[in-house]
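Structure record follows, encoded as structure tokens.
Just so it is clear, none of the values below were taken in a lab; they were calculated from the coordinates. As the structure is a prediction and not an experimental result, all values here were calculated from the model. Every residue, glycine as well, gets a Cβ built from its backbone with ideal geometry; the counts of neighbours run over all protein chains shown.
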Amino acid sequence: MGDSSLDKLPDGRHLTLDTLLRYWKAGRGVPLVVDGTPPFRIVLDPEGNRLTLTTPFTGTEPDLSRWQHINFLLTASDSGPSAQLEVDVTQGGVAAAYSLAIGIADLVQLKKQPLAAAISTTIKDQRELFDRRGGLSEQEEIGLVGELLLLEHLMNKVGPGQALAAWVGPRKGEHDFVFTQAHLEVKTTKSQDRIHVIHGLGQLVPHEDVALMLISTQISFGAAGHGATLPQQIARLRQKAGGNLQQLNELLTRSKWRDDASDLHGTVWSPRSTPRAYLVGSQFPALTSSALANVVPQFGRITHVEYRINVTDLKHSALPGPLEGYVEAPKD
């Protein structure tokens, strides 16, 4: 072996950092046994730049789809199925991967946690090692779907150049879409009622003398052939963008979209109803700084407000110019 101190393997749970690094530098796959029930085995693989944790499999598989540098495998053997957790140590180093493996073994053997729960808990405690993949949350995905539905309508009406110029939300604009006739704040929900989350006291404040319209969009889970996933929606827009493709991609990036996380967004969405437009005027149920400043003591100490509004039964309006036809026509 070259180093006789490595011939006798200690309990894998109690390696010092120095001993761990000596095993790692030995340059071969080294198996370490973590005593306990169920048994765990750690294999150090310097050539493959990975550490593998193996144990008999019971329960359910952990969901690791949103994490990088870590994979879960099921293997069959004469003694039954085995769970293998492979950790790429390129980024975090072998010491961090070893700490993860021992943390999982401790929760299963000493705390009697199910394997999937132990893996999830330990990864979250050491999230810097795995760089949570940059997928959108479901609410962020729903919001982007709604904005892109309107963007596609505008591309068809006025062309990609004007449509993308109007989409200012990703550029930290005051509202999502800006036109000379009106500003639009797009709100999207998967609920049966038109209930929307408003972020902050400035989101529903009109800009000077330009009308502000809240666009209420309802979507629901669809089936293949009856809707589109967010990646499919983006692919469709890219085909329409033509010479404006770079601008579209920049706006998508500013909206937190990442192509390398597209596999995380496989939900098929379809419209639940025709969108509606609501004029944000004096009778609209919006919380603003000017409305609250005179009624809330020490109002300046409030640093963040988030609230929900139900606009289902409110009177809705038409939209002007190129926006015409996108929303449900008012009844009177």
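Could you pull out the residue among T229, T188, T217 that is closer than 15 Å to Q139 by Cα and touching an Asp or Glu at 6+ places or on another chain (Cβ under 8 Å)? Talk me through it step by step, then tell me what you get.
Working: T229 fails: touching an Asp or Glu at 6+ places or on another chain (Cβ under 8 Å); T217 fails: touching an Asp or Glu at 6+ places or on another chain (Cβ under 8 Å).
Step by step, each of T229, T188, T217 is checked, and only T188 is closer than 15 Å to Q139 by Cα and touching an Asp or Glu at 6+ places or on another chain (Cβ under 8 Å).
Restricted to region 156-202, and to residues that are within 16 Å of V280 (Cβ to Cβ) and of a type in the set (A, V, I, L, M), which residue is surrounded by the fewest Cβ atoms within 10 Å (Cβ to Cβ)?
For region 156-202, the residue satisfying everything is V197.
Can you tell me which residue among H153, H207 is part of a loop (DSSP other than H, G, I, E, B), surrounded by fewer than 21 Cβ atoms within 10 Å (Cβ to Cβ) and of a type outside the set (D, E, K, R)?
Working: H153 fails: part of a loop (DSSP other than H, G, I, E, B).
Only one candidate passes the filter, namely H207.
Give the residues of region 156-195 that are more than 15 Å from S270 (Cα to Cα), touching a residue at least 24 places away in the same chain (Cβ under 8 Å), out of contact with any helix residue (DSSP H, G or I) (no Cβ under 9 Å at 6 or more places or on another chain) and not in a strand (DSSP E or B), sorted by residue number.
Residues satisfying the conditions are E174, D193, R194.
Could you give every pair whose Cβ atoms fall below 6 Å, whose first residue belongs to region 30-48 and is charged (D, E, K, R), and whose second residue is assigned to a strand (DSSP E or B) and surrounded by 15 or more Cβ atoms within 10 Å (Cβ to Cβ), counting only separations of at least 6 or pairs across chains?
R41/T54
Conditions (1) surrounded by 11 or more Cβ atoms within 10 Å (Cβ to Cβ); (2) under 18 Å from S191 (Cβ atoms); (3) without any contact (Cβ under 8 Å) to a residue 40 or more places away in the chain, marked per residue:
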{"site": "T274", "(1), (2), (3)": "yes, yes, no"}
{"site": "V296", "(1), (2), (3)": "yes, no, yes"}
{"site": "N310", "(1), (2), (3)": "yes, yes, no"}
{"site": "K315", "(1), (2), (3)": "yes, no, yes"}
{"site": "E324", "(1), (2), (3)": "yes, no, yes"}
{"site": "V327", "(1), (2), (3)": "yes, no, no"}
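Does at least one position in region 190-203 carry a residue that is hydroxyl-bearing (S, T, Y) and either at positive phi or in contact with a Leu (Cβ under 7 Å, 6 or more places away or on another chain) (or both)?
From region 190-203, those hydroxyl-bearing (S, T, Y) are 191; that's our starting set.
From the residues that got through so far, the ones that are either at positive phi or in contact with a Leu (Cβ under 7 Å, 6 or more places away or on another chain) (or both) too are none.
No, region 190-203 contains no residue that is hydroxyl-bearing (S, T, Y) and either at positive phi or in contact with a Leu (Cβ under 7 Å, 6 or more places away or on another chain) (or both).
Taking region 262-272 as the region of interest, how many residues are of a type in the set (G, A, S) and surrounded by 12 or more Cβ atoms within 10 Å (Cβ to Cβ)?
Narrowing region 262-272 to residues of a type in the set (G, A, S): 262, 266, 270.
So of that shortlist, the ones also surrounded by 12 or more Cβ atoms within 10 Å (Cβ to Cβ) come out as 262, 270.
Number satisfying all stated conditions: 2.
Report whether or not I70 is in contact with a helix residue (DSSP H, G or I) (Cβ under 6 Å, 6 or more places away or on another chain) and under 15 Å from L100 (Cβ atoms). If you could, list the steps in order and put the result at the bottom.
Working: in contact with a helix residue (DSSP H, G or I) (Cβ under 6 Å, 6 or more places away or on another chain): no; under 15 Å from L100 (Cβ atoms): yes.
Answer is no for this residue.
Sort out which residues of region 207-242 are without any contact (Cβ under 8 Å) to a residue 12 or more places away in the chain and either touching a Leu at 6+ places or on another chain (Cβ under 8 Å) or not acidic (D, E) (or both), and write them in order of number.
Residues of region 207-242 that are without any contact (Cβ under 8 Å) to a residue 12 or more places away in the chain, as a first pass: 208-209, 225, 232, 235, 238-239.
Hits for region 207-242 are G225, Q232, A235, R238, Q239.
What number of residues in region 281-294 are loosely packed, with under 13 Cβ neighbours inside 10 Å and closer than 30 Å to K157 by Cα?
1
Go through the residues of region 93-114 one by one and say whether even a single one is outside any helix (DSSP H, G or I), within 22 Å of E61 (Cα to Cα), touching a residue at least 24 places away in the same chain (Cβ under 8 Å) and within 18 Å of the chain's Cα centre (by Cα).
In the first step, residues of region 93-114 are kept if they are outside any helix (DSSP H, G or I); the result is 93, 110-114.
Of the ones still in play, those that are also within 22 Å of E61 (Cα to Cα) are 110-114.
Narrowing the set further to residues that are touching a residue at least 24 places away in the same chain (Cβ under 8 Å) leaves 110, 114.
Those left that are additionally within 18 Å of the chain's Cα centre (by Cα): none.
No: region 93-114 contains no residue that is outside any helix (DSSP H, G or I), within 22 Å of E61 (Cα to Cα), touching a residue at least 24 places away in the same chain (Cβ under 8 Å) and within 18 Å of the chain's Cα centre (by Cα).
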